[in-house]
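Right, one structure below, let's go through it.
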Amino acid sequence: MRVAAGPPARPVDVLIAGGGIGGLSAAFALAREGVRVRVLEAAREFGEVGAGLQIAPNCTRILHEYGLLDEARSLGVLPGSMVMRDAVDGRELTRLDLADLEREYGFPYMVMHRTDLHGIFLRACRGAGVDLITGARVSGYENTASGARVLLADGRADEARIVIAADGLHSVARGLLSGDEPVSSAYVAYRAAIPVERAGRDVDLGEVSVHVGPHCHFVRYGLRGGEMLNQVAVFRSPKALAGEQDWGTPDELDDAFAGTCRDVRAGIPLMWRDRWWRMYDRDPIMTWVDGCVALLGDAAHPPLQYLAQGAVMAIEDGWVLARHVAARRAGDGSIDWRGALAAYEAVRSEHCRRVVTTARAWGELWHLDGDARLRRNALLRARDIRDYSFTDWIYGPTALTPEEEPPMFTPIPLDRADVLGPTGDAGREARARA
Ligand SMILES: Cc1cc2nc3c(=O)[nH]c(=O)nc-3n(C[C@H](O)[C@H](O)[C@H](O)COP(=O)(O)OP(=O)(O)OC[C@H]3O[C@@H](n4cnc5c(N)ncnc54)[C@H](O)[C@@H]3O)c2cc1C
């Protein structure tokens, strides 16, 4: 891997700022179409947080097309089910049979270590001849007569036909298109990815387990063939709501989960306590392209993580862009770059808008309290577990054009829930009190 110093770089067609999962996957997608690509990563080394990632069929379909799915399978875990439970009483609310889901969508739902997925794309980029440069912080972008230029923090510059900014939530390039700032949700995530023996008890790693509770939730699944346990504990920070700077601290973690069921409480002492992730997204923007500079991944559409689609959307972005680049190559080898960027923006901005806004709503549903929580539970229990009408819009094939984008699901209003009937929570609780 080269660092940003030394002789002038060879010319490339595409510069990508940021070598996260979004940047590397886009680099590989473009390189396999015969495009010359350079990735400029600010960090001294390419890398990812050492925690888990869920990847749904709309991503594994693309990994299959890239010839990377077998490697991903060998490094990840294919859970049998995803089970949602109430975090307070521990009772099951609904489930997805992931073998059936794979039959439905043709590709698996997998969980894997982020480092492993990032490593797959890094190796694929090396194999495809992508120029990978670390220690290169992009501080500015300019359009030129023939394409676009990036300015590096160390004073150097580089240029290409197009520049893709995959520089994450705090994207510098986003400032070309919007004056917006990340939006704080006042929620914070704690993570842990640890050897399974450290769990100190039997944990079912054949399932992705999600406990949803008042202003908190807890996710658990296995990694690396079941050798590792991955946990995510997310809660709303009272200190954030009070406007305090020092929010999301471990004392708040313990308080947030004190009222949850025994299964969830048993997982909390295992969380990493030396770091935590405050949860931000951004309001959707529909313009991602400024001349020959385009946003991709979290730079364009950082979501709250509740649909587990952030990295997946980034991978879809690169796949869609590369398909449009390939489709706009003329007989003489020239490419209509601006046409490709326009086609990319036309389809991805609306899809990602839907995911970002639905993730917010899905998080609100997970975190309900009081009567609304009981209604949510009743609705989820009433769901037919083979009903895929809520996931078709997201897990189906990635659209290449706005016309291919599937319709959204129809939300069910909470007040439709039968909480007072003989099987409803409120009915049960009333009988228990009688
Ligand atoms: C708790 C949690 C759980 C999640 N779970 C899931 C999940 O299960 N499934 C899923 O699909 N998504 C999940 N996500 C979301 C997912 O992690 C992100 O959406 C995804 O990693 C975004 O990838 P990216 O490459 O666009 O951005 P990033 O991962 O942020 O990468 C940006 C890269 O750009 C580099 N960079 C930044 N600035 C510059 C610069 N100026 N110049 C050069 N380089 C720069 C950075 O060093 C970094 O390498 C989760 C997120 C969180 C917080």
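What to note about this one:
- Here the gap between residue 272 and residue 144, fully extended at 0.36 nm per residue and compared with their Cα-Cα distance, gives a gain of 41.4 nm.
- Spin-label model, residue 100/residue 403: points 7 Å from Cα along the beta carbon direction are separated by 3.5 nm.
- Three semi-axes describe the equivalent ellipsoid of the chain; taken as square roots of 5 times the Cα gyration tensor eigenvalues and ordered largest first, they are 39, 23, 21 Å.
- Student exercise, the range 184-237 dipole from Lys, Arg, Asp, Glu Cβ charges, in Debye to nearest 20: 240 debye
- Toward the positive end of the charge dipole of the range 106-199, with +1 on the Cβ of Lys and Arg and -1 on the Cβ of Asp and Glu, the farthest Cα among 108, 151, 130 is that of 108.
- Cα centroid separation - the range 102-164 against the range 25-86, whole Å: 13 Å
- Efficiency of FRET from Cβ geometry, residue 126 and residue 198, R₀ 35 Å, rounded to 0.05: 0.55
- As an equivalent ellipsoid, the range 203-313 spans semi-axes of 30, 21, 12 angstrom, where each value is the square root of five times an eigenvalue of the C-alpha gyration tensor, largest first.
- Extents of the range 1-94, taken as max minus min of Cα coordinates on every principal axis and listed largest first, are 62, 28, 20 Å.
- If only the Cβ of Lys and Arg carry +1 and only the Cβ of Asp and Glu carry -1, the dipole of the chain around its Cα centre is close to 420 debye.
- Computed extension gain for residue 65 through residue 43, at 0.36 nm per residue and net of the alpha carbon distance, reaches 5.0 nm.
- Among 108, 269, 214: highest mean-square fluctuation, GNM of the chain, C-alpha pairs under 10 Å: 269
- Per-residue 3J(HN,Hα) values for the range 224-240, derived from phi via the Karplus relation 6.51 cos²θ - 1.76 cosθ + 1.60 with θ = phi - 60°, read 6, x, x, 6, 10, 10, 10, 10, 10, 10, 10, 8, 7, 8, x, 5, 5 Hz in sequence order (x marks Gly and Pro).
- Tilt relative to the chain, helix 337-366 - C-alpha long axis, 0 to 90 degrees, to 10: 20 degrees
- Across all Cα pairs in the range 136-251, the calculated P(r) in 10 Å bins from zero up to the longest distance comes to 11, 25, 20, 23, 17, 3, 0 percent per bin.
- For the range 326-411, a simple Cβ point-charge model (Lys and Arg +1, Asp and Glu -1, everything else neutral) yields a dipole of about 300 debye relative to the Cα centre.
- Farthest toward the positive end of the dipole of the chain, out of 53, 188, 335, is the Cα of 53, where the dipole comes from beta carbon charges about the Cα centre.
- Alpha-carbon gyration tensor eigenvalues x 5, square-rooted, for the range 118-171, Å: 22, 14, 11
- Highest-fluctuation residue, 222, 175, 135 considered, GNM on the chain with Cα pairs under 10 Å: 175
- Largest GNM mean-square fluctuation across 140, 297, 155, computed for the chain with C-alpha springs under 10 Å, falls on 155.
- Each helix, a run of at least 4 DSSP H residues, gives -39500 (n - 2.57); summed and divided by the residues of the chain, these come to -10000 deg cm²/dmol at 222 nm.
Bear in mind these aren't lab numbers, they're just calculated from the coordinates by the rules spelled out. Since the structure is predicted, the reported quantities are computational estimates derived from the model, not experimental observations. We place every Cβ from the backbone using ideal geometry, glycine too, and count neighbours over all the protein chains shown.
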